[in-house]
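Following: one structure in structure tokens, then a few remarks.
The values are calculated or read from the model by the stated rules, or taken from the named source; none is laboratory data. Just so we're clear, the structure is a prediction, and the values are computed from it rather than from any experiment. With ideal geometry, Cβ positions are generated from the backbone for all residues, glycine too; neighbour counts draw on all protein chains shown. Quick note on the areas: whole protein, heavy atoms, side chains included, nothing else; ligands and nucleic acids left out. Shrake-Rupley method; radii C 1.70, N 1.55, O 1.52, S 1.80 Å.
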Amino acid sequence: MKLNIDISDAFDDWLSELERRCQHREPLMEKIAGIMLDAVDENFIRGGRPAWTPLKYRDGKPLMKTRRLHGSIEPRADNNQAVVGTNVVYARIHQEGGKTRPHVIRPRNKKALRFNGRFAGKVNHPGSDIPARPFLSLTDDDYAAIQQAIIDHLDGEG
């Protein structure tokens, strides 16, 4: 005597649906881009994860004086990738750290600059050492959320 169960139709349907989800990944990539955007936003709110090097010459949180950099972060997604980034020119040096090149500072709206208690028509700036303050970074919890989004997408829940 033999018990025979035919699951081929249900299994074929399941494989076809899995194949469709694997080929149509844009919703997953949009979800991942959203997770990454939330992570970067949290980095700014908390002053870095881990905390950024404090400021030496002014009060306040690093990278938050004008909020321009924070406000410029944009997510993008298509079928093949999820990206979070910025087109702000000075973003790279803050992300990676480095030294700015020497440059001349001239007054914009006045005839002279006030610098260290004296007035000058221009100041030769030697350049600044900028510590790395990575804002485009993910924590282990962020990676876990991305992993769960992938699982949910493949399970048909996402």
From the helices alone, meaning DSSP H stretches of at least four residues, give me the mean residue ellipticity at 222 nm for the chain, per-run term -39500 (n - 2.57), in deg cm²/dmol to the nearest 500.
-12500 deg cm²/dmol
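Mind counting lysine pairs for me in the chain? Cα separation below 19 Å, and the two need to be 8 or more apart along the chain or on different chains.
Numbers: Lys56/Lys65; Lys56/Lys99; Lys110/Lys122; Lys111/Lys122.
Pairs that pass both the separation and distance tests number 4.
Keeping every protein chain in place, order Asp13, Asp152 by accessible area at 1.4 Å, biggest value first, i.e. largest first.
From most exposed to least exposed: Asp13, Asp152.
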Kirkwood Rh, angstrom, region 57-129 [1 / mean 1/r, Cα pairs]:
15.6 Å
Along the charge dipole of the chain, pointing to its positive end and built from +1/-1 on Cβ of Lys, Arg, Asp and Glu, which listed residue (Val40, His153, Phe11) has its Cα farthest out?
Val40
Based on the Kirkwood radius over alpha-carbon pairs, what is the Stokes-Einstein translational diffusion coefficient of region 39-99 at 37 °C with 0.692 mPa s viscosity, in µm²/s?
254 µm²/s
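Reported to two decimal places, what Rg/Rh ratio describes region 7-76 when computed on Cα atoms with Rh from the Kirkwood expression?
Values: Rg = 20.9 Å, Rh = 15.5 Å.
Value, to two decimals: 1.35.
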Hey, rough spin-label estimate for Arg76 and Lys110, points 7 angstrom out along Cα→Cβ, what's it come to in nanometres?
4.2 nm
Towards the positive end of the charge dipole of the chain, with charges on Cβ (+1 Lys, Arg; -1 Asp, Glu), say which of Ile105, Asn80, Thr66 has the farthest Cα.
Ile105
Run the quick spin-label model on Ile45 and Leu18: label points 7 Å from Cα toward the beta carbon, then report their separation in nm to one decimal.
3.7 nm
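If the only charges are +1 at each Lys and Arg Cβ and -1 at each Asp and Glu Cβ, what is the size of the charge dipole of region 66-158 around the Cα centre, to the nearest 20 debye?
Details: 14 positive and 10 negative charges, 387 e Å.
Once rounded to the nearest 20, the dipole reads 1860 debye.
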Please list, by residue number, every one of the trypsin sites (Lys or Arg not before Pro) in region 58-158 that is coil in DSSP and has at most 16 other beta-carbon atoms within 10 Å.
Arg58, Lys65, Arg67, Arg108, Lys110, Lys111, Lys122
Longest principal axis of the chain (C-alpha) makes with the long axis of helix 26-46 (C-alpha) an angle, in degrees to the nearest 10, of 40 degrees
Folded to 0 to 90 degrees: helix 140-155 orientation relative to the chain principal axis, Cα
30 degrees
Can you send over the solvent-accessible area of Asp38, 1.4 Å probe, protein chains only, in Å² to the nearest 10?
100 Å²
Which of [x] 22, 19, 14; [y] 53, 15, 11; [z] 34, 20, 16 gives semi-axes √(5λ) of the Cα gyration tensor in Å as computed here? It is [y]
